[in-house]
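Asks: The structure is given below, and queries will be raised subsequently.
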Amino acid sequence: MSAPAGGAVTAQKLPKERRMSSREEMETIKAMPRLSRAILILKLAGVVFFAIGLEGIVSGRYVLAVSFLGLGLFVSLLPIKVRINLCGRCGRKLDVGQAICPSCGVPNV
Ligand SMILES: [Zn+2]
């Protein structure tokens, strides 16, 4: 057997035990249009901010709580504004409450 060229070495370092669900999730995120990906990241960030804010309430640090709950609210509301205006894939303007793009048929969840 002849040794493969140096480029293949990094691929072999990947761990074999990888949960299928999270890998598929990553593939889904990668396949997503950029706007949808940004919205998803903002949603996740909003959840994290809310969690930190609630933690602040529990521990009695209200400055922390208020600032992070406000940040979480802001981040959660931001994608909604984008969502009702533009299609995630083709960027076409959508009517308010219109879930499926009339141009490319992609549901904007
Ligand atoms: Zn579209």
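The values are calculated or read from the model by the stated rules, or taken from the named source; none is laboratory data. Not measured: the values here are computed from a predicted model. Don't worry about glycine lacking a Cβ; one is built from the backbone with ideal geometry, like all the others, and counts go over all protein chains shown. SASA here: full protein model, heavy atoms, side chains in, ligands and nucleic acids out. Shrake-Rupley method; radii C 1.70, N 1.55, O 1.52, S 1.80 Å.
Asks: Quick check, is ALA65 open to solvent by less than 50 Å² (accessible area, probe 1.4 Å), under 28 Å from CYS87 (Cβ atoms) and of a type in the set (A, V, I, L, M, F, W, C)?
Replies: So ALA65 fails the test.
Asks: Taking only region 35-80 into account, find how many residues are basic (Lys, Arg) and part of a helix (DSSP H, G or I).
Replies: 2
Asks: Restricting attention to region 88-109, which residues are open to solvent by 80 Å² or more (accessible area, probe 1.4 Å), at pLDDT below 75 and of a type outside the set (Val, Ile, Thr)?
Replies: none
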